[in-house]
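What follows is one structure encoded as structure tokens, with my remarks underneath.
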Amino acid sequence: MTALTVQAEAEVAKWNMPVGVTEISREVHGLHMLIFWVVVAIGVGVFAAFFYSIWAHRRSRNPKPATFHESTTVEIVWTVLPFVILIAMAIPATGTLIKIEDSSDAEMSIKVTGYQWMWGYEYVGEDYSFYSRLDRDSDRARQVGSGIDPSSVDNYLLEVDNRLVVPTDTKIRFLLTSNDVIHAWWVPALGMKRDAIPGFINEMWARIDEPGVYRGQCAELCGRDHGFMPVVVEAVPPAEFEAWLAGKRGDEGSDTAASEPVQVAEADTGTATATDATEVAAADADADADADAEAEAPADDAASAELELAALMETGEKVYKTNCVACHQASGKGMPPAFPSLIGSAVVTGDPTTQIEQVLNGKNAMPPFGHLSDEQIAAVVTYTRNSWDNDSGVVQPADVAALRQ
Amino acid sequence: MRWVMTTNHKDLGTLYLVWAFTMFFVGGLMSLVIRGELFEPGLQFVDPEFFNQMTTMHALIMIFGGVMPAFTGLANWMVPMMVGCSDLALPRVNNWGFWILPFAFGMLLSTLFMDGGAPASGWTMYPPLVLQTGEAFPFLIFSIHLMGISSITGAINVVVTILNMRAPGMTLLKMPLFVWTWLITAYLLIAVMPVLAGAVTMLLTDRYFGTSFFTASGGGDPVMFQHIFWFFGHPEVYILILPAFGIVSTIIPTFARKTLFGYASMVYATAAIAFLSFIVWAHHMFTVGMPLAGELFFMFSTMLIAVPTGVKVFNWIATMWRGSMTFETPMLFALGFVFLFTIGGFSGLMLAIAPADFQYHDTYFVVAHFHYVLVPGAVFAILGAIYYWIPKWTGVMYNEKLGQFHFWWSAIWINVLFFPQHFLGLAGMPRRIPDYAVQFTDFNVISSIGAFAFFIGQFVFIWNMIQCMRGVGEPAPARPWEGAHGLEWTVPSPAPYHTFEEPPVVDDKEVAAHA
């Protein structure tokens with residue numbers, strides 16, 4: 001399994017479209033190559049005439065130009081011939097297109113929701129969902145002037161904190177939608193991409209043949225962090241997948257509400273992450289879990305300690321710039337009536353409970369930010385309560401933890 | 001004051017061209033910010049938000065500030081001289097049409113200094129993202145309204161001039177191809193600019209007046225914007241290329257010393273492309289989740305465009321065939337156009353195949369495709385046209401050595417710049433990302449080097465043109481190109497301030513079809 005994963009990742013096609021691991025992706029690749037060679041053949045013919053003419057019909061070699069300027073026969077030929085070639089290409093393309101659009105008889109469905117800037121995944125009917133964001137190492141390295149060499153980060157910008165685990169040899173229907181702006185969900189190895197549009201549910205499907213880790217990115221400009229919302233799909237044999245899913249549901253179903261299992265990733269202790277790793281049989285998950293556990297630890301300590309206003313403001317500004325600035329603006333003025341001003345607003349100056357709950361659970365157009373850590377939420381709430389002439393006191397991570405459901 | 005108040009088509013043509021060149025420079029600097037940031041992985045210089053602002057502004061400025069005014073400038077200068085009339089039909093409107101532009105772009109550029117920065121939602125302005133724009137939002141909308149008004153006034157002027165003011169004997173099917181392509185382009189402009197204006201006005205009311213045309217939570221449809229936008233946007237891409245077809249169809253016969261092959265089929269092919277451009281818009285939207293029937297229709301109709309476009313390329317090559325060619329700078333740019341535009345056409349055909357497009361869509365493959373048709377396409381044609389007609393405009397010949405150097409330098413670096421982007425797209429690099437995974441490094445480095453080199457080379461052109469405008473150079477005869485035909489060459493060089501106050505007698509040697 002590890003060997004396969006490594007192999008799949010090592011074969012990053014540099015010059016051409018990757019072949020992929022679904023029947024559709026192989027057909028699409030075949031079409032791509034077919035039309036490529038058709039185009040090359042036409043190109044060779046056309047450019048041969050072009051360059052021959054430049055060479056043979058230059059003035060020094062052919063001082064007297066011919067006078068013809070019309071030939072109905074020739075013109076008919078070079079109108080009809082391309083038609084025939086196009087029809088020859090359209091036939092296989094139509095067949096593939098019909099297959100792509102036929103998502104009937106799917107064996108399972110996964111709902112994919114785009115957020116600025118992460119993905120939400122829900123196994124439909126399985127009572128399990130989670131969020132998936134750029135992993136910590138890439139996120140640290142990508143900051144302006146981070147000083148971290150991107151090539152020292154494994155799978156820079158193509159790794160997430162929670163991978164989408166799916167079974168192989170299963171027709172999986174992906175239902176795509178979005179919570180804010182238009183995103184596009186794309187894993188090249190699956191041979192498809194499709195937009196995730198607010199208010200719509202789009203469909204695509206895939207049946208993955210080979211276990212492995214397949215990486216892609218959001219493909220529709222979705223704002224500031226458009227370049228930083230990777231998609232990582234980990235395909236495992238069906239039995240392994242069932243065990244993984246059962247483990248996930250078993251763990252969280254008992255002690256947290258199923259609707260917010262994402263907390264595990266951020267708020268719970270390192271042990272939860274370590275448990276995940278034992279259940280995902282993927283060998284490389286162990287290393288990730290260790291790294292995660294380390295990364296979680298300091299955040300956890302912080303959550304238990306009282307934080308200073310200055311520290312909260314500093315973190316809060318970063319969180320605000322990443323998550324809130326698009327709607328509420330750097331000035332805090334928002335864009336009324338869609339996005340209310342935060343300056344002197346009742347929510348921001350009143351009882352902190354209301355504001356924390358709103359950040360955790362969302363309200364109207366505002367998406368829920370429950371995936372953020374207690375510390376991050378406390379920081380951003382504190383930031384908004386103490387910026388732009390607001391002066392409404394400090395909120396601690398413990399306050400946020402108390403309000404999580 | 002002469003330049004502010006002028007209604008003379010030659011003065012306004014010059015103003016348009018100078019303006020377009022200024023905008024090319026500004027938009028070019030923005031592209032250098034983009035390529036500079038993408039030189040290596042990691043974020044070195046700019047915030048991702050600013051990167052998005054640069055990609056958005058680069059596109060808007062290049063399309064509406066660069067290519068379109070440059071073509072309008074050429075039309076201003078040449079259409080009256082080619083059809084044998086004294087000026088455009090509506091000279092005062094013409095003055096207005098030009099002077100709107102500095103205000104429109106002043107407004108657009110001022111957004112860079114506003115709270116929340118310039119628009120950052122891409123030139124396509126898809127909602128809901130565009131509704132997150134800060135204080136720049138109304139300025140974006142109004143500047144687009146102004147650009148649209150300017151384009152429409154220019155287009156109306158061209159149509160009326162061509163249809164009403166041709167010299168006696170200049171029948172429609174004797175007009176030069178440049179005039180024909182501009183006539184068709186002008187109709188496209190008149191048809192689609194109001195559509196764009198409508199779409200952005202709907203955005204404006206969504207943002208400020210509580211409508212929800214494009215807001216799903218209010219019963220609207222974000223995809224409807226894309227349909228409306230691309231109903232404008234696809235004809236727009238032909239607005240950016242049809243006049244270039246006309247230019248190349250003028251230059252190649254001159255330097256091949258042979259009449260254009262298949263004049264009538266060139267005209268019909270142009271009209272066919274214009275017609276098809278109205279029914280293929282949704283090929284920009286294959287991934288939004290259309291019904292199968294829709295995808296099939298848009299795939300087939302898009303593939304059809306290859307036919308008339310192919311006819312044009314074949315005709316150009318047949319014009320060269322058994323000609324007696326020389327390779328002065330305008331001819332070099334025209335031949336560079338044919339070669340590189342054809343490559344852009346090939347990638348366009350690949351993009352038309354919907355199943356494959358699901359993979360290509362929104363990757364660098366698309367970026368490579370449309371830059372191949374817009375830079376070695378539209379821009380090379382504009383440069384070729386300027387070299388071709390500048391003796392007529394200034395009365396002196398440009399420096400041929402510098403011109404040839406400019407061509408070869410541009411032709412080499414433009415390929416270094418854009419060819420590797422095909423590979424990046426196929427390997428999976430999305431468009432509009434400010435930072436990328438490390439396996440994309442090599443081609444990005446090459447591409448960025450190409451961008452800087454290409455940009456530097458353009459100063460050779462500026463120098464050459466400034467010399468001409470100062471009147472430094474060999475005096476040009478009335479017909480500096482041996483094989484040139486057309487009414488514009490019957491007047492002295494430089495062309496007098498007022499030409500054809502009396503309609504000329506149209507000699508059959510001076511018309512396109514039977515020169």
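The values are calculated or read from the model by the stated rules, or taken from the named source; none is laboratory data. Because the structure is a prediction, the values reported are computed rather than measured. Neighbour counts are summed over all protein chains in view; Cβ atoms, including those assigned to glycine, are modelled from backbone coordinates with ideal geometry. These area figures cover heavy atoms from the full protein model, side chains too; ligands, DNA and RNA do not enter into them. Shrake-Rupley method; radii C 1.70, N 1.55, O 1.52, S 1.80 Å.
Counting the residues of region B:131-147 that are in contact with a Leu (Cβ under 6 Å, 6 or more places away or on another chain) and not polar (S, T, N, Q) gives 1.
Limited to region A:150-166, what total is found for residues that are closer than 16 Å to residue B:44 by Cα and open to solvent by less than 20 Å² (accessible area, probe 1.4 Å)? Selection size over region A:150-166: 3. With respect to the conditions (1) in a loop (DSSP other than H, G, I, E, B); (2) within 14 Å of another protein chain (Cβ to nearest Cβ), residue B:170 lacks only one, and its number is (2).
Residues are listed down the side, and each one gets a yes or a no for (1) in contact with a helix residue (DSSP H, G or I) (Cβ under 8 Å, 6 or more places away or on another chain); (2) within 12 Å of chain A (Cβ to nearest Cβ):
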site: B:418; (1), (2): yes, no
site: B:424; (1), (2): yes, yes
site: B:428; (1), (2): yes, yes
site: B:433; (1), (2): yes, yes
site: B:445; (1), (2): no, no
site: B:455; (1), (2): yes, no
site: B:464; (1), (2): yes, no
site: B:470; (1), (2): no, no
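Inspection of region A:311-322 identifies no residue that is farther than 30 Å from residue B:204 by Cβ, open to solvent by 30 Å² or more (accessible area, probe 1.4 Å), of a type in the set (Ser, Thr, Tyr) and more than 31 Å from the chain's Cα centre (by Cα). Restricting A:359, A:380 to those that are surrounded by 22 or more Cβ atoms within 10 Å (Cβ to Cβ) and either touching a Cys at 6+ places or on another chain (Cβ under 8 Å) or within 12 Å of chain B (Cβ to nearest Cβ) (or both) reduces the list to A:380.
Residues in region A:389-405 that are surrounded by fewer than 21 Cβ atoms within 10 Å (Cβ to Cβ) and either within 17 Å of residue A:323 (Cβ to Cβ) or in contact with a Leu (Cβ under 6 Å, 6 or more places away or on another chain) (or both): A:394 alone. For residue B:110, the test of being surrounded by fewer than 21 Cβ atoms within 10 Å (Cβ to Cβ) and of a type in the set (Gly, Ala, Ser) is passed. Could you give me the residue pairs with C-beta distances under 6 Å whose first residue belongs to region A:304-333 and is within 14 Å of chain B (Cβ to nearest Cβ), whose second residue is open to solvent by 30 Å² or more (accessible area, probe 1.4 Å) wherever it lies, and which are 6+ apart or on separate chains? The qualifying pairs are A:327/A:339; A:328/A:339; A:329/B:116; A:331/B:115; A:332/A:343; A:332/A:388; A:333/A:341. The requirement of being modelled with pLDDT of 95 or more, surrounded by fewer than 24 Cβ atoms within 10 Å (Cβ to Cβ) and either part of a helix (DSSP H, G or I) or out of contact with any helix residue (DSSP H, G or I) (no Cβ under 8 Å at 6 or more places or on another chain) (or both) is satisfied by residue B:197. If only residues of region B:313-363 that are within 14 Å of residue A:39 (Cβ to Cβ) and β-branched (Val, Ile, Thr) are counted, the one that is nearest to the other protein chains (Cβ to nearest Cβ) is B:353. From the list A:207, A:133, A:163, the lone residue that is more than 16 Å from the chain's Cα centre (by Cα) and touching a residue at least 24 places away in the same chain (Cβ under 8 Å) is A:207. Against the numbered list (1) open to solvent by 10 Å² or more (accessible area, probe 1.4 Å); (2) within 14 Å of chain A (Cβ to nearest Cβ), residue B:63 comes up short only at (2). Annotation: of all residues in region B:308-338 being among the aromatic types (Phe, Trp, Tyr) and within 22 Å of residue B:389 (Cβ to Cβ), the one that is surrounded by the fewest Cβ atoms within 10 Å (Cβ to Cβ) is B:327.
Name the one entry in A:21, A:28 that is more than 7 Å from chain B (Cβ to nearest Cβ) and either open to solvent by less than 40 Å² (accessible area, probe 1.4 Å) or modelled with pLDDT under 95 (or both). Matching residue, one of A:21, A:28: A:21.
In the set (1) outside any strand (DSSP E or B); (2) facing chain B (nearest Cβ under 9 Å), residue A:176 fails one condition alone, (1). Residues in region B:283-293 that are open to solvent by 10 Å² or more (accessible area, probe 1.4 Å), more than 7 Å from chain A (Cβ to nearest Cβ) and over 30 Å from residue B:265 (Cα atoms): B:290, B:291, B:293. A residue that is over 18 Å from the mean Cα position of the chain (by Cα), more than 24 Å from residue A:81 (Cα to Cα), aliphatic (A, V, I, L, M) and open to solvent by 20 Å² or more (accessible area, probe 1.4 Å) cannot be found anywhere in region B:295-307.
Would you please name the residue that is nearest to the other protein chains (Cβ to nearest Cβ), looking only at residues in region A:114-144 that are polar (S, T, N, Q) and within 28 Å of residue A:242 (Cβ to Cβ)? Here the residue is A:132. Counting the residues of region B:155-181 that are open to solvent by less than 10 Å² (accessible area, probe 1.4 Å) and touching a residue at least 60 places away in the same chain (Cβ under 8 Å) gives 11.
Name the residue, out of A:124, A:153, A:112, A:166, that is within 25 Å of residue A:221 (Cβ to Cβ), in contact with a strand residue (DSSP E or B) (Cβ under 6 Å, 6 or more places away or on another chain) and of a type in the set (A, V, I, L, M). Only one candidate qualifies: A:112.
If the condition is being touching a Ser or Thr at 6+ places or on another chain (Cβ under 7 Å) and of a type in the set (S, T, N, Q), then region B:191-229 contributes B:205, B:211. If you go through region B:117-138 one residue at a time, do you hit one that is assigned to a helix (DSSP H, G or I), in contact with an Asp or Glu (Cβ under 8 Å, 6 or more places away or on another chain), surrounded by fewer than 24 Cβ atoms within 10 Å (Cβ to Cβ) and facing another protein chain (nearest Cβ under 9 Å)? Scanning region B:117-138 turns up at least one residue that is assigned to a helix (DSSP H, G or I), in contact with an Asp or Glu (Cβ under 8 Å, 6 or more places away or on another chain), surrounded by fewer than 24 Cβ atoms within 10 Å (Cβ to Cβ) and facing another protein chain (nearest Cβ under 9 Å). Within region B:110-123, residues that are closer than 17 Å to residue B:31 by Cβ reach partners that are open to solvent by 40 Å² or more (accessible area, probe 1.4 Å) with beta carbons closer than 7 Å, at six or more positions or on different chains, in the pairs B:118/B:112; B:120/B:49. Test residue B:253 against the stated conditions and say whether it is without any contact (Cβ under 8 Å) to a residue 12 or more places away in the chain and within 14 Å of chain A (Cβ to nearest Cβ). No. Residues of region A:190-211 that are open to solvent by less than 20 Å² (accessible area, probe 1.4 Å), more than 7 Å from chain B (Cβ to nearest Cβ) and not in a strand (DSSP E or B): A:190 alone.
For region B:256-282, the set of residues classified as among the aliphatic types (A, V, I, L, M), open to solvent by 40 Å² or more (accessible area, probe 1.4 Å) and not in a helix (DSSP H, G or I) consists of B:279 only. Does region A:101-149 hold any residues that are open to solvent by less than 10 Å² (accessible area, probe 1.4 Å) and more than 22 Å from residue A:198 (Cα to Cα), and which are they? Scanning region A:101-149 gives A:138, A:141.
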